[in-house]
Amino acid sequence: MELSDFLAALRRFWKSCLVVVCLAALAGLALALTLEKQYTASTKVYLTLMQGNSGSELASGANYAQTQVESFVEVATTPMVLDPAAEKLGREGVTPALLSSSVNVSVPTRTSIIVVSATRPDPQSAADFANTVADSLTDAVDTLSPRTNDGARLVSASVIAPAVPPGSHSFPSMRNFLAIGLLAGVLIAVGQALLRALLDKRIRSETQVEALTDTPIMGRIGFDAQLKGAERPVSVTGVTAEDYRRLRTNLQFVSVSEEDRGKSLVVTSAQPGEGKTAIAINLATVLAEAGESVLLIDGDLRRPRVARYLGLESTVGLTTVLIGWASPGDALQPSRVPNLTVMPSGVIPPNPSELLASRAMKQLIDSATRHFDYTIVDCAPLLPVTDAAILSRQTDGALLVADMQRATSHHMRFCLDEIERANGSALGLVLNKLRSGTAGAAGFHYYGEEYSSSGSAKTSGSRVARS
């Protein structure tokens, strides 16, 4: 993962990162509040040279005090010190082992001072432990210290700062636990963001699409939150119309094998609700407005919507033509857009795939390309059924609509492979619902498959692409 991918992951999941950091900090504070408080009291024991009768004795004592102070630190945690201290305390449960686990002995750098610290749940108990062990240590130093010729102790120990009950606890530290919580939160937040980025197969940008496939991007349709959750077409103007004009322009550059026939294509998607029907309707509209003769066929024989969106009758349509109950001319209906003719789906059949793969469907497409400049077939999504893959072989190819809010690399790759396995052709991709700021989508708006409930038949047609 490159640095740009790392930063992109943090930008995408910054909200969850913030939540994780806050929760970790709160957990640190909560832990600090629930742990048993510990109090630490300290006393200081000073090793000093007793006066001697000669310079050699003075030098010997000073040297001994400096070089043997570490040894006295070790002595402080031996039974020689702890056993008398436990006996002197005379409290139930106080043993040399408890004193050993409660007391810490250290020496500040380059000093002859021994610091005896005791940590206990009770302030007074901490002070008593430290003072008792320090007193016992002074007795041990007196016993172990060498004597001068006249019997005097060469080195002695004395308590210079007795321990007093502390006024505040030493553990847990709210500041330290908060810092640890924040640090742990940052590490966990970054980790979960990177893990989610690695596991998230959703397509977020054109860069990901270009890395996934060589199939060209034919169109980019922006996102408009105001149209979310609607059921019928509404008037779409401004830069949204420009999105479809760009798609129309790109499509006009797609060549076909025969110059004396029109172009035919199927519009599909990976899943329902990605906007394929809206793309098909609006593409047909802008092509018709450009003076092209267009036939829009509702080939989604499972959930047909074209006739309902355009306010047309759907009883007679594609299925009645394919089974021979009606001629193609009987199933065609004019729309409110000049040059745009619509063939609804007809009655939903029990065998859609067989009808779409039939010779009658191939003959219908061939006939339509001789009479129209463009034949556009709206078809069912590719993940649940193979209808669109079959039609991609019957037509010049397929336009695959990808909802950039939900499309995944796995689904896109599957759909393209499905078309290839059917010996069809993928003309290109249409990236739908591109948010502002996404590569190639700045300033765009979305006209999705779910529409505003206030629309009617007259809202389709030329108003869709008029700016």
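The values are calculated or read from the model by the stated rules, or taken from the named source; none is laboratory data. Note that the structure is a prediction, hence the values are computed from the model and not measured. Virtual Cβ from ideal backbone geometry, glycine too; neighbours counted across all protein chains shown.
Counting the residues of the range 406-458 that are polar (S, T, N, Q) and modelled with pLDDT under 50 gives 5.
Just wondering, is there one or more residues in the range 157-178 that are surrounded by 19 or more Cβ atoms within 10 Å (Cβ to Cβ), at pLDDT 90 or above and either among the hydroxyl-bearing types (S, T, Y) or out of contact with any Asp or Glu (no Cβ under 9 Å at 6 or more places or on another chain) (or both)? Yes - at least one qualifying residue is present in the range 157-178.
From the list V266, V316, the lone residue that is at pLDDT 90 or above, over 45 Å from the mean Cα position of the chain (by Cα), of a type in the set (V, I, T) and not in a helix (DSSP H, G or I) is V316. In the set (1) surrounded by fewer than 16 Cβ atoms within 10 Å (Cβ to Cβ); (2) over 29 Å from I221 (Cβ atoms); (3) of a type outside the set (D, E, K, R), the condition left unmet by A326 is number (1). On inspection, A360 fails the criterion of being crowded, with 21+ Cβ neighbours inside 10 Å, part of a helix (DSSP H, G or I) and not polar (S, T, N, Q). Only a single item in (1) in contact with a helix residue (DSSP H, G or I) (Cβ under 7 Å, 6 or more places away or on another chain); (2) in a helix (DSSP H, G or I) is not met by S156, and it is number (2).
For the range 366-381, the criterion of being closer than 26 Å to T207 by Cβ, crowded, with 18+ Cβ neighbours inside 10 Å and at pLDDT 85 or above is met by at least one residue. Picking from residues in the range 260-317 that are over 22 Å from P384 (Cα atoms) and polar (S, T, N, Q), the one that is surrounded by the most Cβ atoms within 10 Å (Cβ to Cβ) is T285.
If you filter the range 131-170 down to residues that are under 17 Å from L99 (Cα atoms) and of a type in the set (V, I, T), you find that the one that is farthest from the chain's Cα centre (by Cα) is T138. Among the residues of the range 203-234, those identified as loosely packed, with under 15 Cβ neighbours inside 10 Å and modelled with pLDDT under 85 are T207, A211, A225, Q226, K228, G229, E231.
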